[in-house]
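In what follows, a structure is listed as structure tokens, so that the remarks can point back to it.
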Amino acid sequence: MRTDFLPFSRPSITEEDIAAVGDVLRSGWITTGPRTAEFEQRFADYVGCPGAVALSSATAGMHVVLKALGIGPGDEVITPSMTWVSTVNLIVLAEATPVFADIDRDTLMVSRRSIEACLTDSTRAIIPVHFAGAPVDIDPIRQLASLRDIPLVEDAAHALGTEYRGQHVGHCGISIFSFHPIKNITTGEGGMFCSDDERLLERVRRLKFHGLGVDAFDRHQQGRSPQAEALEPGYKYNMTDISAVLGLRQLARVEEFNAKRTELAMRYRERLRAVEEIIPLEDPPYPMEHAWHLFIVRLDIDRAGLGRDEFMQALKERNIGTGLHFRAVHLQRFYRESMGLRRGMLPNTEWNSDRICSLPLFPDMTEQDVDDVVDAIKGVLSRKPSYVTARSFAKETA
Ligand SMILES: *Cc1c(COP(=O)(O)O)cnc(C)c1O
């Protein structure tokens, strides 16, 4: 057994990164400024989109875009329940209604078909999630959205470097990336809004900073003139240069990071193939490049005679950290109680919500670390408690 704890994720930060942050701190300009402008430009160039706006988080980006799209009372927004709770929280905070599309059982992603089943005359936005580093099948969804004239916002928090049919996720339309410490690159906390819609970019630039007007002159000055006035009430969601300089350095390494993630993921796949209680995710069938944000497995709770939560706990006792991406939103207390949501509504989402577990995956991990995880999994599964049935575990999480 490992003697030191292997976390489920750890950012890759070098001494040079730390020095670069130190330089910003010493420069006299630490909030939004030249580093942020440069990060936005480099990010847009990398993803291949016309414009990008750096923000304090992806959640902030979602808040601002819902506002910019005018989502409010009476509106419905289609998104999966298998997502980070932030998106659904914001839909509810906007006084709109989340409508959950079920996912594919083996890729954890929504499809045109599952979204179509949720469409009504009140649908005002569709927010699919690119999951774990694989791309959602966005072309058919984009067609549907444009046919019905409904805005499409891609949750690309897992998808920096992901390619769909030869192009980076985020190169067109509206997408939001996250730089939370577990994501493929980090700025401590941060997010990026990307779009090819100039008017929407302007609106987001305004809403992210008190609703103050920005003109071209201001942008060249890397700031707003002191005379800038509120054009509408806005938020305070700007990224600081302290974060942006880290983002610039991390972005320069994203291909290296993702290549390492891919190698580790392939080793997991190979070594877990013989473990019959572990069900891997499947790659989507269309042309794509996986960014391997997460390595998610499903525990076959019937075969293992062990619930997923106990499985995670047993791994922790063997010094292996794991994550859970995600607990179905519609089964979380607030959503069950306030919206009357319950089990049985989204079979594939619920099946996965009971069984998924994210194994350690980060660029500084070694092949030995992967082997330690696999050995720990085998160890846990070899001493299954036979006195409890898997069915009772499924009920416990209900
Ligand atoms: C991390 C994440 C977010 C939120 O990102 P923050 O930067 O933490 O706000 C949104 N959606 C998904 C799918 C995520 O994984």
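The values are calculated or read from the model by the stated rules, or taken from the named source; none is laboratory data. Note that this is a predicted model, so its numbers are computed, not measured. Virtual Cβ from ideal backbone geometry, glycine too; neighbours counted across all protein chains shown. The area values use the complete protein model at the heavy-atom level, side chains included, leaving out ligands, DNA and RNA. Shrake-Rupley method; radii C 1.70, N 1.55, O 1.52, S 1.80 Å.
What accessible area per residue comes out for the stretch 230-286, rounded to a whole number of Å², with a 1.4 Å probe? Provide the component values of the computation, followed by the final result.
On the way: 2850 Å² over 57 residues.
Per residue, the stretch 230-286 has 50 Å² of solvent-accessible surface.
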Listed residues Leu281, Leu69, Leu264; largest mean-square fluctuation, Gaussian network over the chain with Cα springs below 10 Å, found at Leu69
Across Ser57, Ser27, Ser243, the residue with the highest GNM fluctuation in the chain (Cα network, 10 Å cutoff) is Ser27
dims of the chain, Cα set, principal axes, largest to smallest, nearest Å -> 71, 54, 37
Free-by-geometry Cys in the chain, Cβ-Cβ under 4.7 Å as pairing rule, reported as Cys118, Cys172, Cys357
Expressed as a whole-number percentage, the relative contact order of the chain with C-alpha contacts under 8 angstrom and at least six residues apart is 23
Heavy-atom accessible area of the chain with neighbours in place, 1.4 angstrom probe: carbon+sulfur share in percent works out to 50
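What relative contact order, as a whole-number percentage, does the stretch 185-301 give when Cα pairs under 8 Å and 6 or more residues apart are counted? Could you put the intermediate results ahead of the total?
Numbers: 92 pairs, mean separation 27.2, N = 117.
Relative contact order here is 23 percent.
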Sorted by chain and then number, the residues having a modelled amide H within less than 5 Å of the amide H of Met288, at least 5 places away or on another chain, are Arg165
Quick calc: nm separation of the 7 Å Cα→Cβ label points for Asp375 and Glu282 -> 3.4
In whole Hz, the Karplus estimates of ³J(HN,Hα) for the stretch 313-330 (6.51, -1.76, 1.60; θ = phi - 60°; x where Gly or Pro) are 5, 5, 5, 4, 5, 9, 6, 10, x, 9, x, 9, 10, 9, 6, 3, 4, 5
Treating only Lys and Arg (+1) and Asp and Glu (-1) as charged, each at its beta carbon, one finds that the stretch 103-214 has a dipole about its Cα centre, in Debye to the nearest 20, of 260
The stretch 89-192: relative contact order from alpha carbon pairs under 8 Å, six or more residues apart, as a whole percent, is 18
Simple SL model, points at 7 angstrom along Cα→Cβ for Asp309 and Thr366; separation in nm is 3.5
The stretch 315-381 accessible area per residue, 1.4 Å probe, protein heavy atoms, integer Å², reads 39
Measuring from its Cα centre, the chain shows a charge dipole (+1 at each Lys and Arg Cβ, -1 at each Asp and Glu Cβ) which, in debye to the nearest 20, is 860
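Any chance you could list the semi-axes, whole Å, largest first, of the equivalent ellipsoid that the Cα gyration tensor gives for the stretch 1-114, using √(5λ)? Show your work: numbers first, answer last.
Details: eigenvalues 224, 117, 43 Å².
In descending order the semi-axes read 33, 24, 15 Å.
What FRET efficiency comes out for Ser382 versus Asp106 if R0 is 41 angstrom and r is the Cβ-Cβ distance? Round to the nearest 0.05. Could the numbers behind the result be given before it?
On the way: r = 26 Å, r/R0 = 0.64.
In this case the efficiency is close to 0.95.
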Taking every DSSP bridge whose two residues both lie in the chain, the antiparallel percent to the nearest 5 is 60
Computed on Cα atoms, the radius of gyration and Dmax of the stretch 87-138 in angstrom are 11.7, 32
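Report the calculated FRET efficiency for Leu231 and Leu25 (r = Cβ-Cβ distance, R0 = 25 Å), to the nearest 0.05.
Values: r = 32 Å, r/R0 = 1.30.
FRET efficiency, Leu231 to Leu25: 0.15.
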The orientation-averaged projected area of the Cα convex hull of the stretch 20-85, in nm², is 6.9
Taking the chain and counting helices only, DSSP H stretches of n ≥ 4 at -39,500 (n - 2.57) each over all residues, the nearest-500 ellipticity at 222 nm comes to -11500 deg cm²/dmol
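Net charge within 11 Å of Thr187 by Cβ-Cβ distance, Lys/Arg positive one each and Asp/Glu negative one each, not counting Thr187 itself?
Numbers: positive: Arg35, Lys183, Arg249; negative: Asp17, Glu189, Asp241.
Overall, the nearby charge balance is 0.
Pairs on different chains or at least eight residues apart, Cα atoms closer than 18 Å: how many lysine pairs in the chain fit? Each step should come with its number before you reach the end.
Values: Lys67/Lys208; Lys67/Lys236; Lys183/Lys260; Lys208/Lys236; Lys316/Lys378; Lys316/Lys384.
So the count works out to 6.
Could you compute the net charge surrounding Asp375? Neighbours are other residues with a C-beta less than 10 Å from the C-beta of Asp375; K and R count +1, D and E count -1. Present the calculation step by step, with values, prior to reporting the outcome.
Working: positive: Arg2, Arg271, Arg318, Lys378; negative: Asp371, Asp372.
Overall, the nearby charge balance is +2.
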Among the stretch 295-319, those whose backbone N falls under 16 Å of a label point 7 Å along Cα→Cβ from Ala274 are none
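Based on the inverse mean of 1/r over its pairs of different Cα atoms, what is the Kirkwood hydrodynamic radius of the stretch 128-222, in Å?
Numbers: mean 1/r = 0.0680 Å⁻¹.
It is 14.7 Å.
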In this structure, the FRET efficiency calculated for Glu116 and Arg333 from their beta-carbon separation, with R0 = 22 Å, to the nearest 0.05, is 0.15
